[in-house]
Each structure stands twice: as C-alpha cells, then as structure tokens.
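Have a look at the structure below before the remarks.
The values are calculated or read from the model by the stated rules, or taken from the named source; none is laboratory data. What you see is a predicted model; the values in this text were computed from it and never measured. Neighbour counts are summed over all protein chains in view; Cβ atoms, including those assigned to glycine, are modelled from backbone coordinates with ideal geometry.
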Amino acid sequence: MIFTCLGVRGSRPVPHNINDATSLFYKIMSSGLKSEAKLMPTIRQYGLSRYDVSLFLGPGGNTSCVHIDPQTNLSNNPQIIIDLGSGACNFKAINSNEFHVFMTHFHYDHIAGLPFFTPLYDKNNTIHFYSSHRNFKSIIRKYLYPPYFPITLKEISSAKLQFHDLRSYESVFIGDAEVVWHEVPHPGKSFAYKVMSEGKSVCLLFDIQINERVIQKSVPSDFLKNIDHLVIDSSLNFEDSITKRNWGHSNIYDGINLANMIHAKNVFLFHFEPTDTENDIALILQTAQWFNRSFNSRTNVYLAREGYKIKA
C-alpha cells in the first residue's frame, strides 16, 4: 500500500509565493556552509531530508486530497482517494479504471477539485463515491450545477458513477484493503477513515477538534489501534486553539499528544492554514518534533507534503 498526499492545505488553495520560497532558500544557503556535510544539518533543521530544490517550495498549496494505492492483484487495479480538494486536480491514474472516492465532508476545501478529477472524463472508468452524510449524492450534483459550475455532473462525466451510503455498511473491502470510518468532531459532521492492508494501516484525521476528552467520548479505541501512519489536522497554533475554539480543528500539541497516546508509528502534519508561509510551517514542524521528544517515544513526526509518496 502506497499513499500520496496530493493536497495538504486547509480552507482554500494557496498560490505559490516565490518570495517566501526564495527567502527560505537563501536563509539556508547564506549560512556560509560550503560543503554538503555542513549543509545537511541546516537542511534537516527545516524538516528536509535531502538537497532537492523542489523541497524549498514547502508543503504545497492545494487543499485536502490523499491517494492510496492498495496495490491489489486485481486486473482493474482499484484506487482509493480520500476527499477531492484542489489537490485532486493533480491526480494521475495509472493502469486503473476503478476509483473509490471517500468523502470526509463537503466543505469547499474538500470538494473543490471535483470538476477537474480526470477519471470523470473516461467512459471506461467506474467511480464509486462513499459518504455517511445524508443525501450526499444530491450535494455532489448541486456542486456541479449552474450557477456554481457551467455544466452538470451528468454532462461532465463520461464515467460510470455509483454512490454508496456508508450508513448501510460496517466496512468496505477494495481488494485486500479494508476501509473503516467514524464520525469526528467538526461543524456539520466529518468522518475519519482508516485503511488497512497486509497488516499496515493509514488513519486520516483531516478536520477534527482533538483533545483527550473529545477523543475518548467520540472515537472508539479500536478505531485508533495499531496505526502505522497517522495523517492529522494541524491547523492551529496554541493561541488559535483558544480564540478559535469549536471551529473543529486542532493544534499540534493535541495532535502529538494523541499520536503518542495511541502509539502511532509515524505522524504526518496536515491541513495547514492558507496564511501559513513556508517559514511558518517549518517552525510548526520544529515545534511538533520538539514536543514529541518529551514523550520519549518511537513516534516519528513529519510534514505532509504535496506529491510525497509513502510506502505503508
């Protein structure tokens, strides 16, 4: 199983700010470091694992979308997509004609890429949409309808579409991969997903207000057991988590605390504010890693970055 982050921002897409990326690049390069051996510690300080110019562009500017390739042995090579934020515009289908799209909820930043999701335009494709929200088929159709979009879903799509109400299921199997879900605290309802295959698991907590009391009350402990990779809402700094209480988002301290409480192996910080610069996000990573060390745990903390592939 391989998962790829196609969009990691929240609220709205963010155009690339060349001045901010250049500032970060020069901050590193102007340290007076001549050799790679001296340069690498400074690069790692910003959460970068290797010297690659693309990394200086930060986590990317697209909104929530994660692609999971379960790598089944099925001939149609089914693919899993979690949410269709603007990151879905970057989705590339390789040797597949079956797509399973699981929606956490339908706020703008999680559905903005729907009209530009290329599998819609191939008549040989079958696309399965899943949600636990009532009347979600109607929600999707209304999004692709004038005046919000010039043509309708029926007119735009050549693919065969199927809609599945998850309230009728306990889990969904896609080849050897099993997908389970649970409602999490967020205005208007949102759902977390957990994808399991060949003894590995990815848990996606995109939009969630985390604290120990809320988690224990809202999410069953079995759902959060045996997590290899935890993709987690990291929208707020500590001050924001007070002033934006009940906005349905989390700060890195609560996220890291949860990760250690459930013994997650790897944590990927996700859903960054559109106002966060690359420098801000580098500081978010540093702070999260510093706080994580206080637990003396084996949990690793990374930034979710647009285009990164992670082998589960």
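Things worth noting here:
- Within the range 107-147, tally of residues that are of a type in the set (Phe, Trp, Tyr) and either assigned to a strand (DSSP E or B) or touching a residue at least 60 places away in the same chain (Cβ under 8 Å) (or both): 3
- Qualifying residue in the range 70-86 (condition: within 24 Å of ASP233 (Cβ to Cβ), touching a residue at least 60 places away in the same chain (Cβ under 8 Å) and surrounded by fewer than 24 Cβ atoms within 10 Å (Cβ to Cβ)): no
- Failed item, numbered, when ILE227 is tested on (1) assigned to a loop (DSSP other than H, G, I, E, B); (2) at pLDDT below 90: (2)
- Across the range 264-312, the number of residues qualifying as out of contact with any Asp or Glu (no Cβ under 9 Å at 6 or more places or on another chain) and of a type in the set (Asp, Glu) comes to 2.
- Of all residues in the range 143-193, those being small (Gly, Ala, Ser) and touching a His at 6+ places or on another chain (Cβ under 7 Å) number 3.
- The residue list SER158, SER86, SER168, SER131 contains one member that is of a type in the set (S, T, N, Q) and out of contact with any helix residue (DSSP H, G or I) (no Cβ under 8 Å at 6 or more places or on another chain), which is SER168.
- Residue check for SER96: in a loop (DSSP other than H, G, I, E, B), among the polar types (S, T, N, Q) and at pLDDT 90 or above: yes
- Positions within the range 283-297 being modelled with pLDDT of 90 or more, surrounded by fewer than 17 Cβ atoms within 10 Å (Cβ to Cβ) and closer than 16 Å to LYS265 by Cα, in sequence order: PHE291, ARG293, SER294, PHE295
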